[in-house]
1. Run residue 116 past the list (1) at pLDDT 95 or above; (2) in a loop (DSSP other than H, G, I, E, B) and report the number of the one that doesn't hold.
2. Among 91, 82, which is the only one that is in contact with a helix residue (DSSP H, G or I) (Cβ under 6 Å, 6 or more places away or on another chain) and either closer than 30 Å to residue 141 by Cβ or modelled with pLDDT of 90 or more (or both)?
3. It is to be established whether one or more residues within segment 61-69 are at positive phi and either in contact with a helix residue (DSSP H, G or I) (Cβ under 6 Å, 6 or more places away or on another chain) or surrounded by fewer than 12 Cβ atoms within 10 Å (Cβ to Cβ) (or both).
4. Does any residue of segment 31-43 turn out to be without any contact (Cβ under 8 Å) to a residue 60 or more places away in the chain, surrounded by 14 or more Cβ atoms within 10 Å (Cβ to Cβ), within 30 Å of residue 153 (Cβ to Cβ) and touching a helix residue (DSSP H, G or I) at 6+ places or on another chain (Cβ under 7 Å)?
5. More than 21 Å from residue 152 (Cα to Cα) and touching a helix residue (DSSP H, G or I) at 6+ places or on another chain (Cβ under 7 Å): is that true of residue 119 in this structure?
6. Which residue pairs have Cβ atoms closer than 7 Å, lie 6 or more positions apart in sequence or on different chains, and pair a first residue in segment 1-25 that is on the phi > 0 side of the Ramachandran plot and modelled with pLDDT of 95 or more with a second residue that is assigned to a loop (DSSP other than H, G, I, E, B) and surrounded by 10 or more Cβ atoms within 10 Å (Cβ to Cβ)?
7. Give the residues of segment 101-112 that are surrounded by 13 or more Cβ atoms within 10 Å (Cβ to Cβ) and either out of contact with any helix residue (DSSP H, G or I) (no Cβ under 7 Å at 6 or more places or on another chain) or assigned to a loop (DSSP other than H, G, I, E, B) (or both), sorted by residue number.
8. State which residue pairs qualify: first residue at pLDDT below 60 and inside segment 149-161, second residue assigned to a loop (DSSP other than H, G, I, E, B) and surrounded by 10 or more Cβ atoms within 10 Å (Cβ to Cβ) in any location, beta carbons under 9 Å apart, and separation of 6 or more residues or different chains.
């Protein structure tokens, strides 16, 4: 039985690092491939976007767009994926299809901020689906096969006239 301290990689699978500055015979002696003099020939140099004092390109470009830190990230589920899970016996059509049921069935990796139902593919099985939101086509398709769709998304208050 091999011990942990006796483990080593397969022969030829790894290559030793280049040892620079070890004499002219090594091919990487004296300046060690850094050229002659200058800031980049010295150690401790980090000048990624530095342009010699000129305003760097990434700072000259205008800032664009907006990133909403309050935006919800949904786990999206299509009909074809639901049908696949039902056919494999992972989803029970008699039980409500919730986010937790989808994760347990392996349809989703995680629920994120909620499940959004999309209408890609064809829905044949009658399902009772509980989701945060659904597309208009998905709502129509679920109702056309006799299933029910319960949305947990808070509805916006009706505008009072």
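The values are calculated or read from the model by the stated rules, or taken from the named source; none is laboratory data. Keep in mind that what you see is a predicted model, and the values were worked out from it rather than measured. Every residue, glycine as well, gets a Cβ built from its backbone with ideal geometry; the counts of neighbours run over all protein chains shown.
1. It fails just one condition, (2).
2. Values: 82 fails: in contact with a helix residue (DSSP H, G or I) (Cβ under 6 Å, 6 or more places away or on another chain).
Matching residue, one of 91, 82: 91.
3. Start the filter on segment 61-69 by keeping residues that are at positive phi, which leaves 65.
Next, from what is left, pick out any that are either in contact with a helix residue (DSSP H, G or I) (Cβ under 6 Å, 6 or more places away or on another chain) or surrounded by fewer than 12 Cβ atoms within 10 Å (Cβ to Cβ) (or both): 65.
So far as segment 61-69 goes, yes, one or more of its residues are at positive phi and either in contact with a helix residue (DSSP H, G or I) (Cβ under 6 Å, 6 or more places away or on another chain) or surrounded by fewer than 12 Cβ atoms within 10 Å (Cβ to Cβ) (or both).
4. no
5. Values: more than 21 Å from residue 152 (Cα to Cα): no; touching a helix residue (DSSP H, G or I) at 6+ places or on another chain (Cβ under 7 Å): yes.
In short, no.
6. Matching pairs, first to second residue: none at all.
7. Of the residues in segment 101-112, the ones surrounded by 13 or more Cβ atoms within 10 Å (Cβ to Cβ) are 101-103, 105, 107-108, 111-112.
The answer is 101, 102, 103, 107, 108, 111, 112.
8. none
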